[in-house]
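Each remark here refers to the structure printed beneath this line.
The values are calculated or read from the model by the stated rules, or taken from the named source; none is laboratory data. Fair warning: this is a prediction, and the values are worked out from it, not measured in the lab. Cβ: placed from backbone, ideal geometry, glycine included. Neighbour counts: every protein chain shown.
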Amino acid sequence: MDRLKQDCLAAYPGPTHRLRFRSWTAADGPLAAALWDDGRVTALIGGPFGEQRVREMLEAQLATGREAGVQYWPVFESGSGSLVGCCGLRPKGEGDSRLELGFHIRPEHWGKGFATEARLERAPYPGREHPSRRAYLLARKPARSPSSCCISAYGTPSSIPE
């Protein structure tokens with residue numbers, strides 16, 4: 001296992017004041033469906049997704065965790081235990097060492113500042129410790145969406161140069 005992957009796994013996202021993170025598991029089908037089969041959550045990435053596609057997305061998160069040491073970790077409200085959404089990193093692509101930050105937040109949690117709180121403030125940010133592998137923050141269209149505003153407030157690039 002390379003050093004970056006070890007560091008990412010060792011730096012599992014810790015809790016914030018209102019949120020806690022954990023890794024996806026194979027038993028998380030119902031949580032994944034509550035998130036990715038909701039057209040309001042996935043409108044900008046081609047959703048809503050049916051049962052088969054949600055299962056594939058969950059399997060992809062599990063594989064990314066095993067292979068890259070990162071994933072879009074599920075995020076829960078500390079007090080209620082309610083699924084807020086997911087936030088994390090994923091590799092940009094095959095042969096590309098850059099990582100993308102992303103998050104999907106359930107509508108009942110929109111406008112509460114959870115995306116801002118979750119956005120890698122507590123998650124591993126490999127670009128800090130490993131300049132050779134930079135984390136890029138990417139917001140899906142539209143450019144002035146809440147996601148892009150959250151990312152631009154982070155003070156890092158909001159797009160990935162091709």
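Only one of the numbered conditions (1) within 21 Å of Arg119 (Cβ to Cβ); (2) at pLDDT below 85 is violated by Gln61, and that is (2).
From the list Glu121, Glu108, Glu77, pick out the single residue that is modelled with pLDDT under 90 and either in contact with a Cys (Cβ under 9 Å, 6 or more places away or on another chain) or surrounded by fewer than 19 Cβ atoms within 10 Å (Cβ to Cβ) (or both).
Glu121
The lone criterion from (1) outside any strand (DSSP E or B); (2) at pLDDT 90 or above; (3) not hydrophobic (A, V, I, L, M, F, W, C) left unmet by Tyr154 is number (2).
The residue of the stretch 82-113 that is farthest from Arg66 (Cα to Cα), among those that are outside any strand (DSSP E or B) and touching a Gly at 6+ places or on another chain (Cβ under 9 Å), is His109. In this structure, Gly102 does not qualify as over 24 Å from Arg18 (Cβ atoms), surrounded by 17 or more Cβ atoms within 10 Å (Cβ to Cβ) and touching a residue at least 24 places away in the same chain (Cβ under 8 Å). Restricting the stretch 7-45 to residues that are aliphatic (A, V, I, L, M), at pLDDT below 95 and not in a helix (DSSP H, G or I), the residue that is surrounded by the most Cβ atoms within 10 Å (Cβ to Cβ) is Leu19.
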